[in-house]
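A.B. asks: Dropping the structure in here first, questions after.
The values are calculated or read from the model by the stated rules, or taken from the named source; none is laboratory data. As the structure is a computational prediction, the values presented were derived from the model and not from experiment. Every residue, glycine among them, receives a Cβ derived from its backbone with ideal geometry; neighbour counts consider all protein chains shown.
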Amino acid sequence: MDPTTFILFGATGDLAKRKIYPALYNLFIDQKLPQSFALIGLGRREMNDESFKASVEQSIHNFSRREANNAALIRDFLRAFRYSVLDISRKEDYKKLLHLIEQREEELHVSPNRLFYLSVGPEFFETIAANIQESGLGSENGWKRLVIEKPFGRDLQSARDLNRKLAQAFAEHEIFRIDHYLGKPMVQKLEILQQNPVLNALWTNHYIANVQITANETVGVEDRAGYYDHVGAVRDMFQNHMLQLLMMLTSHLPKNSNFEMVRFKKKKVMEALEPLQKEEVSASVIRGQYKAGIVQGKPVIGYTSEPGIAPTSMNDTFIAARLQIDDYFWRGVPFYIRTGKRMNEKSTRIVIEFKERLDASQGTTDGKAPNLLVFEISPNEGITLQLNTRDPQHKGGYKSIQLDFHESQEDIPEAYENLIYDALHGNPTFFAHRDEVELSWKWVQPILGAFEENLVPLHLYEAGYYGSSETDALLAKDGYHWWFDAKPEQQIEPLLSMP
Ligand code: NAP
């Protein structure tokens, strides 16, 4: 790995503490950091190097997946860390930063390879990129990279504008847009598994009846009211994470695909996704908002009673949609995607339901479970293949057998470890390309418009369930149901009727 200076904007923030420092520490333990590695943390808060190191150490104690109990190892790790005060809007601070970086590179006798990680609010992305460019922070004698956090825009136009502005300072191959779902180990395995000839042969509308992608959270809005109430599930989860899962699953990669092929194929999926018209959104999209209920045995308040949320808020905390990919492989296969807060359980999973070709030929399909392939993405990671087989005990009867593979949770790297490692290597496979981001926003745009104009009813669902009964109806229309929902009946109160 090339010697690298890691310049972290937002070094005093929540994400840095909870994800970035623990990820770097675990990479250090696994000897996956460059031999020569320096980190410069930036923020407005006054701090010297020692107190910065102490706060990094504290965050490792609090959040590292591996216990941080080896003092010598931690000391070694922290040796790379320095802190400098920088106000994003002050140009002179970038000059000071350049001086500090050059000084560090000289001390370490390394070439100027600089990775700029923007762990700050999205309103700062453009300004930082422009100031890096202007101040000469990106040296010509080494490489420069920009790692950028979500959210990337709030609609198609803002995402395009941001891409255009970033492109004035960084080439596309230098920009690494984080979607942390792409860092999850099972999502990364999807890329490899798809290239397996057995799965590849089954990966078509000949064999697959429908696909269900679910990302449930048990938490509510927490302390993010100010942000979330203007964003909702559609922007916070659907446009980015859920559509990325769809792309990763369906891109139909040939054997030995490289990152260019992965990106090319993902883009093709987005281009083949049947567009929605604003007026028709309500036929295939369900909008929901949680009301009070019980989540895992604990009573919780409704969304509009949460601190910082207006009692009249129409924000979506849940979205479900039926999508179709109009290409050779997927034509006719419905994809059902849903994500929401205050659900019954925390889980992200993909279920592939196969057609029952064997059974159908025998004319005995009634009442049997279909063959299923399940990818558990988080919090547990695993793959289950459920196969129907004749039951030798009961003549003419069938039973299911399950083939399970589950990874030991301890050994699984965090998404941020994978992503930071890849960014340090300059491997963009699991980052969102400019085209993917814009195509996702383009597909979502009619939904945003329909929500804004209240063309889609907002259904209240009781916290602790899996959304509203309309979500079930979305599948029932096609003769399917959601798999793995153990839910009792629930009351749905439409808050707003169709005009
Ligand atoms: P945060 O806790 O509010 O931290 C913001 C950071 O930005 C602080 O270090 C702050 O440092 C710095 N900052 C703010 N204004 C600045 C200025 N004018 N000049 C210099 N530094 C400034 O935010 P966060 O939760 O870490 O989120 C950071 C980014 O990650 C956001 O884009 C967010 O959407 C994204 N993200 C966060 C999470 C998460 O779990 N937290 C998850 C996914 C994505 P000072 O206060 O010292 O100036």
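A.B. asks: Of the numbered conditions (1) over 30 Å from H406 (Cα atoms); (2) surrounded by 21 or more Cβ atoms within 10 Å (Cβ to Cβ), V187 satisfies every one except a single condition; which is it?
C.D. replies: (1)
A.B. asks: Just for helices (runs of 4 or more DSSP H) wholly inside segment 1-118: which have at least 3 residues that are free of Cβ contacts under 8 Å to residues at least 12 places away in the same chain and buried (at least 19 other Cβ atoms within 10 Å of the Cβ)?
C.D. replies: Working: elements: 21-29, 49-63, 71-78, 91-108.
Of the helices (runs of 4 or more DSSP H) lying wholly inside segment 1-118, none has at least 3 residues that are free of Cβ contacts under 8 Å to residues at least 12 places away in the same chain and buried (at least 19 other Cβ atoms within 10 Å of the Cβ).
A.B. asks: Report, by residue number, each residue of segment 281-330 that is buried (at least 17 other Cβ atoms within 10 Å of the Cβ), among the β-branched types (V, I, T) and farther than 20 Å from E217 by Cβ.
C.D. replies: V281, I325
A.B. asks: Also, quick follow-up: Quick check on segment 30-37. Is at least one of its residues closer than 14 Å to E414 by Cβ and either out of contact with any Gly (no Cβ under 7 Å at 6 or more places or on another chain) or within 14 Å of the ligand (Cβ to nearest atom) (or both)?
C.D. replies: yes
A.B. asks: Could you tell me how many of the residues in segment 114-131 are closer than 12 Å to K165 by Cα, more than 10 Å from the ligand (Cβ to nearest atom) and of a type in the set (A, V, I, L, M, F, W, C)?
C.D. replies: Looking only at that region, the number is 2.
A.B. asks: Here is a check on your reading of the model: is I412 surrounded by fewer than 20 Cβ atoms within 10 Å (Cβ to Cβ), under 22 Å from the mean Cα position of the chain (by Cα) and aliphatic (A, V, I, L, M)?
C.D. replies: On the way: surrounded by fewer than 20 Cβ atoms within 10 Å (Cβ to Cβ): yes; under 22 Å from the mean Cα position of the chain (by Cα): yes; aliphatic (A, V, I, L, M): yes.
Judged against the criteria, I412 is a match.
A.B. asks: Next question. Looking at segment 213-259, which of its residues are crowded, with 21+ Cβ neighbours inside 10 Å, among the hydroxyl-bearing types (S, T, Y) and part of a helix (DSSP H, G or I)?
C.D. replies: Y228, T250
A.B. asks: Filter segment 200-213 down to the residues that are aliphatic (A, V, I, L, M) and in contact (Cβ under 8 Å) with a residue 24 or more places away in the chain, then identify the one that is farthest from V351 (Cα to Cα).
C.D. replies: Let us first name the residues in segment 200-213 that are aliphatic (A, V, I, L, M), namely 201-202, 208-209, 211, 213.
Then drop every residue that is not in contact (Cβ under 8 Å) with a residue 24 or more places away in the chain, which leaves 202, 208-209, 211, 213.
Numbers: L202: 14, I208: 11, A209: 11, V211: 6, I213: 7 Å.
For segment 200-213, the residue satisfying everything is L202.
A.B. asks: Condition first: free of Cβ contacts under 8 Å to residues at least 60 places away in the same chain and touching a helix residue (DSSP H, G or I) at 6+ places or on another chain (Cβ under 8 Å). Now tell me which residues in segment 281-325 satisfy that.
C.D. replies: Of everything in segment 281-325, those that are free of Cβ contacts under 8 Å to residues at least 60 places away in the same chain and touching a helix residue (DSSP H, G or I) at 6+ places or on another chain (Cβ under 8 Å) turn out to be P311, T312.
A.B. asks: Separate question: Just one of the numbered conditions (1) at pLDDT 95 or above; (2) farther than 27 Å from K150 by Cβ is not true of L108; which one?
C.D. replies: (1)
A.B. asks: Looking for whichever is farther than 19 Å from F430 by Cβ, assigned to a loop (DSSP other than H, G, I, E, B) and not aromatic (F, W, Y) here; the options are N205, N200, N210. Which one fits? Please lay out each step first, then the result.
C.D. replies: Values: N200 fails: assigned to a loop (DSSP other than H, G, I, E, B); N210 fails: assigned to a loop (DSSP other than H, G, I, E, B).
That would be N205, the only listed residue that is farther than 19 Å from F430 by Cβ, assigned to a loop (DSSP other than H, G, I, E, B) and not aromatic (F, W, Y).
A.B. asks: Kindly provide the set of residues from segment 192-211 that are buried (at least 18 other Cβ atoms within 10 Å of the Cβ) and touching a helix residue (DSSP H, G or I) at 6+ places or on another chain (Cβ under 8 Å), ordered by number. Steps first, please.
C.D. replies: Going through segment 192-211, the residues buried (at least 18 other Cβ atoms within 10 Å of the Cβ) turn out to be 193-194, 203, 208-211.
L193, Q194, W203, I208, N210, V211 - these are the residues of segment 192-211 that are buried (at least 18 other Cβ atoms within 10 Å of the Cβ) and touching a helix residue (DSSP H, G or I) at 6+ places or on another chain (Cβ under 8 Å).
A.B. asks: Can I ask one more? Quickly run through segment 145-171 and pick out the residues that are away from the ligand (no atom under 13 Å from the Cβ) and in contact with a Lys or Arg (Cβ under 6 Å, 6 or more places away or on another chain).
C.D. replies: Pass one, segment 145-171, residues away from the ligand (no atom under 13 Å from the Cβ): 145-146, 155-161, 163-171.
Across segment 145-171, the qualifying residues are L156, N163.
A.B. asks: Any residue in segment 406-418 that's more than 26 Å from R177 (Cα to Cα): show its pairings with residues that are in a helix (DSSP H, G or I) and hydroxyl-bearing (S, T, Y) at Cβ separation under 6 Å, as long as the two are six or more apart or on different chains.
C.D. replies: If the second residue must be in a helix (DSSP H, G or I) and hydroxyl-bearing (S, T, Y), no pairs are left.
A.B. asks: Then there is this: In this structure, is L190 under 17 Å from the mean Cα position of the chain (by Cα), of a type in the set (A, V, I, L, M, F, W, C), modelled with pLDDT under 95 and in a helix (DSSP H, G or I)? Even if it seems obvious, please write down each step before you answer.
C.D. replies: Numbers: under 17 Å from the mean Cα position of the chain (by Cα): yes; of a type in the set (A, V, I, L, M, F, W, C): yes; modelled with pLDDT under 95: yes; in a helix (DSSP H, G or I): yes.
Yes.
A.B. asks: Give segment 120-157 a look and list any residue that's part of a helix (DSSP H, G or I) and charged (D, E, K, R), or say none.
C.D. replies: Correct list: E123, E126, E134.
A.B. asks: Right, next: Take segment 1-14 and flag every residue that is touching a Phe, Trp or Tyr at 6+ places or on another chain (Cβ under 9 Å) and either within 12 Å of the ligand (Cβ to nearest atom) or charged (D, E, K, R) (or both). Walk me through how you get there before you give the answer.
C.D. replies: The first filter runs over segment 1-14 and keeps only residues touching a Phe, Trp or Tyr at 6+ places or on another chain (Cβ under 9 Å), leaving 1-12.
D2, L8, F9, G10, A11, T12 - these are the residues of segment 1-14 that are touching a Phe, Trp or Tyr at 6+ places or on another chain (Cβ under 9 Å) and either within 12 Å of the ligand (Cβ to nearest atom) or charged (D, E, K, R) (or both).
A.B. asks: Tell me which residues, restricted to segment 158-187, are in a loop (DSSP other than H, G, I, E, B) and among the polar types (S, T, N, Q). Spell out how you get there, then give the answer.
C.D. replies: Our first condition is that a residue be in a loop (DSSP other than H, G, I, E, B); within segment 158-187, this holds for 168-171, 178-179, 184.
Across segment 158-187, the qualifying residue is only Q168.
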